[in-house]
1. From the set of residues in the stretch 47-69 that are in contact (Cβ under 8 Å) with a residue 12 or more places away in the chain and small (Gly, Ala, Ser), which is farthest from SER8 (Cα to Cα)?
2. Can you tell me which residues in the stretch 19-52 are in contact with a helix residue (DSSP H, G or I) (Cβ under 6 Å, 6 or more places away or on another chain) and surrounded by fewer than 12 Cβ atoms within 10 Å (Cβ to Cβ)?
3. Can you tell me which of (1) in a helix (DSSP H, G or I); (2) under 16 Å from the mean Cα position of the chain (by Cα); (3) free of Cβ contacts under 8 Å to residues at least 24 places away in the same chain is the one GLY41 doesn't meet?
4. Please count how many residues of the stretch 1-37 are modelled with pLDDT of 90 or more, in a loop (DSSP other than H, G, I, E, B) and over 25 Å from GLY53 (Cβ atoms).
5. In this structure, is SER8 surrounded by 11 or more Cβ atoms within 10 Å (Cβ to Cβ) and touching a residue at least 40 places away in the same chain (Cβ under 8 Å)?
Amino acid sequence: MVFASIGSVALNGSVTGLSATGITSGLAVVGTLADGGMAVGVFIVAASPIAAGVLGYQGYKFYKNRKSS
């Protein structure tokens, strides 16, 4: 998920790549999908890996509590 997020930012911008200009333009393009700008793009790109981490941790806690019972 993290690589997909980085790839979408790197490829969607007006300047492809992971330079400062490429990242900025990529985040701005992703942000325009939700009628926002670069800050909205940061939120959209970061939401997927954060959600995966939270779900993974909750699954671990559920498994640990179920095993000890």
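1. Restricting attention to the stretch 47-69, the residues satisfying the condition of being in contact (Cβ under 8 Å) with a residue 12 or more places away in the chain are 48-49, 52.
Going one step further and asking which of them are small (Gly, Ala, Ser), we end up with 48, 52.
Working: SER48: 12, ALA52: 17 Å.
Filtering first and then ranking leaves ALA52.
2. Within the stretch 19-52, just ALA34 meets the criteria.
3. With (1) in a helix (DSSP H, G or I); (2) under 16 Å from the mean Cα position of the chain (by Cα); (3) free of Cβ contacts under 8 Å to residues at least 24 places away in the same chain applied to GLY41, the lone miss is (3).
4. Qualifying residue count, the stretch 1-37: 2.
5. So SER8 fails the test.
The values are calculated or read from the model by the stated rules, or taken from the named source; none is laboratory data. The shown structure was predicted, so the numbers you read here are calculated from the model rather than taken from an experiment. We place every Cβ from the backbone using ideal geometry, glycine too, and count neighbours over all the protein chains shown.
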